[in-house]
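The values are calculated or read from the model by the stated rules, or taken from the named source; none is laboratory data. No experiment lies behind these values; they were computed from the predicted model shown. Positions of Cβ are generated from backbone atoms using ideal geometry, with glycine treated the same way; all protein chains shown enter the neighbour counts.
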Amino acid sequence: MRLRRTRILIALLFVVWIGGMLYFFTSNSSSNVTTVTIEERNEHIKKGIEAHKKDHLVFQSSNNKKAVDSKFDAQKLNVNKIEEVEDRRKLKDFDWKAYQERSGLKPGEDKNQRNAYNQEASDALPWDRGVPDVRDQSCKRINYDKDLPTTTIIICFHNEGRAALLRTVVSALNRSPPHLIKEIILVDDFSDNPLDGSELSTIPKVIVLRNMKREGLIRSRVRGADVARGDVLTFLDSHCESNVMWLEPLLQSIKDNPKVVVSPIIDVIGHEDFNYLSSSSDLRGGFGWNLNFKWDFLPAQALMEHKTDPSAPIRSPAIAGGLFSIDKKWFETLGKYDKDMDVWGGENLEISFRAWQCGGEMHILPCSRVGHVFRDRHPYKFPGGSMNVFQKNTRRAAEVWMDDYKKYYFAAVPSARYAAFGDIRERTELRHKLGCKSFKWFLENVYPELKVPADDVLKYGQIKQAGKEICLDTLGHLQGEGLGIFPCHGQGGNQDWSWTKSNQIKHESTCLAATEHKSGTLIKMLPCVSTDAMQQWRFDNGNHGLINKGTSLCMDNYKEGAELTLRDCLVHDTQRWNLDMTHS
């Protein structure tokens, strides 16, 4: 009898232990999930920007693909017809394994090459895998209105991995009340294989549109928005996973204020292992004068308010742009997107300026969570070169919305002065028609933390090795690293330099600096300090030398292909430079 009681007691303890372990691993507390730091998030952005600067191939297509395209173009789905047959489509009937296997990795193929993430790890996941609920506990106590507006989810893609694309669609369907999703519009931006999108048209609520040439994210989103029937437009990137109750907070905010643009907190899905990592809710979107998006810590007052109520919306000067919701009528009133911007890049800041300056707001909602695969490079190429595209787009935004403050953008990115940016009359007329506020108002009322720099730039341009067509180039290196030379291309980017009134040689927010007084030491890019003699330079017009004032050593390309150093001034050819610069 005693042995029997002992066995029962052991069994009960085992059940309790199992229950405790299950609670531990499935608990909704975000403390059980790895949190991504602001440094890690901004590092992803920096690596993406540097990869962005190095892309320069054009799109090509085959005649065979065009023949297939015409077939699918003729079979474009009619929105009203979809409504009639919608109930006949069932998610359980979709053969997800076969869909993924038809585009699986080939033997010996690099698992990271196609999509700039580990396709092998992505393909190994279930199409409906669970993700940890990382919302704050206060979010779980909120009751949302029963009569929320409907939404159309718009997902644009080009050669996206099938598993990631499918999880984007399925997670949105499975974690949203069905009556709130009017449809999911997939815009295939001329992928190599039209079947990537068309085979998904058997999934409930899905409508597939295909571009007949590469249009890019901006024009593809407008195309999807133009046929959308939902009250609200929700834009998602094509490698996302929606979390629990992600949609209701977005729609509730827009119901309460139709002029607010709302974004979820964007959690990180690791591009190597596809683990779901929680992002801090203590951040908001921002940018520097180079108009590169970045994540900022909340200012002190906003942080205090957020700690008091972790579920409250966070006012954000800018959004990342990949994931957000906006009232459809407000989107149209605001002028949709600037369709003369190309492909991708800068459109997130342009719509941020426009929303704030024209009577709206931008919020990040801590109770809405969506995971996103952050990649270190772009798997596709940009026609005309990605840096040219980015500079065209950001210059259009600066010309229309930044007023006289655009001079600080040009000081940070001198080559942008030469970027062809097209006709902006339609956008300036839109600004006038909407009675939008000035950029000065934006800085004072929305983003006072963006400090206006001193007008310290004397001239800007490139620095050439004398007698050669090679230029000073950051080589994509970051703050704290060295630099080198590269064939001059006249496109700015990594070869953009400014000479300041403090005699510094500046690239964006870094200045060339000596770190030691010893000959042979590397020149590094460090945060600019105008009073630091180790960052000050003198140009010798006679010998064409660049002499560091703190060390009296000369900039030397001593070993071509290596990083630049400081050496004793000996008037060698490797120490002779020309300042190919324009006075500001």
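Checking each residue in region 534-569 for being surrounded by 14 or more Cβ atoms within 10 Å (Cβ to Cβ), over 22 Å from I470 (Cβ atoms) and not basic (K, R) picks out M534, Q535, Q536, G550, T551. For the structure I just gave you, tell me whether L291 is in a strand (DSSP E or B) and closer than 23 Å to C436 by Cβ. So L291 fails the test. Checking R396, R427 one by one, the residue that is of a type in the set (K, R), crowded, with 23+ Cβ neighbours inside 10 Å, in contact (Cβ under 8 Å) with a residue 12 or more places away in the chain and not assigned by TED's automatic domain parsing to the domain that holds I319 is R396 and no other.
Counting only strands (runs of 3 or more DSSP E) wholly contained in region 446-551, the ones carrying 3 or more residues that are hydrophobic (A, V, I, L, M, F, W, C) occupy 457-465, 470-473, 510-513. Of all residues in region 162-207, those that are assigned to a loop (DSSP other than H, G, I, E, B), under 28 Å from L105 (Cβ atoms) and out of contact with any strand residue (DSSP E or B) (no Cβ under 9 Å at 6 or more places or on another chain) total 2. Looking at S176, S198, S122, just one residue is over 28 Å from K336 (Cβ atoms), in the same structural domain as W96 (by TED's automatic domain parsing) and in contact (Cβ under 8 Å) with a residue 60 or more places away in the chain, and that residue is S122. Could we say that R354 is farther than 30 Å from R141 by Cα, modelled with pLDDT of 95 or more and buried (at least 22 other Cβ atoms within 10 Å of the Cβ) here? Judged against the criteria, R354 is a match. The criterion of being among the hydroxyl-bearing types (S, T, Y), buried (at least 19 other Cβ atoms within 10 Å of the Cβ), modelled with pLDDT of 95 or more and over 22 Å from the mean Cα position of the chain (by Cα) does not hold for T168. Among the criteria (1) over 19 Å from D580 (Cα atoms); (2) modelled with pLDDT of 95 or more; (3) out of contact with any Gly (no Cβ under 6 Å at 6 or more places or on another chain); (4) surrounded by 15 or more Cβ atoms within 10 Å (Cβ to Cβ), the one L522 does not fulfil is (3). Looking at this structure, is I326 surrounded by 20 or more Cβ atoms within 10 Å (Cβ to Cβ), under 15 Å from the mean Cα position of the chain (by Cα) and of a type outside the set (F, W, Y)? No; evaluated as a whole, the condition is false for this residue.
Put simply, of L283, L303 the only residue that is of a type in the set (A, V, I, L, M, F, W, C) and touching a residue at least 24 places away in the same chain (Cβ under 8 Å) is L283. If you take the residues in region 214-253 that are assigned to a helix (DSSP H, G or I) and of a type in the set (G, A, S), which one is farthest from A163 (Cα to Cα)? Residue satisfying both the conditions and the ranking: S253. Please find, among R141, R114, the residue that is surrounded by 14 or more Cβ atoms within 10 Å (Cβ to Cβ) and charged (D, E, K, R). The conditions single out R114.
Please determine whether any residue of region 259-267 is in contact (Cβ under 8 Å) with a residue 24 or more places away in the chain, surrounded by fewer than 24 Cβ atoms within 10 Å (Cβ to Cβ), assigned by TED's automatic domain parsing to the domain that holds R167 and assigned to a loop (DSSP other than H, G, I, E, B). Checked against the condition, which is being in contact (Cβ under 8 Å) with a residue 24 or more places away in the chain, surrounded by fewer than 24 Cβ atoms within 10 Å (Cβ to Cβ), assigned by TED's automatic domain parsing to the domain that holds R167 and assigned to a loop (DSSP other than H, G, I, E, B), region 259-267 yields at least one hit.
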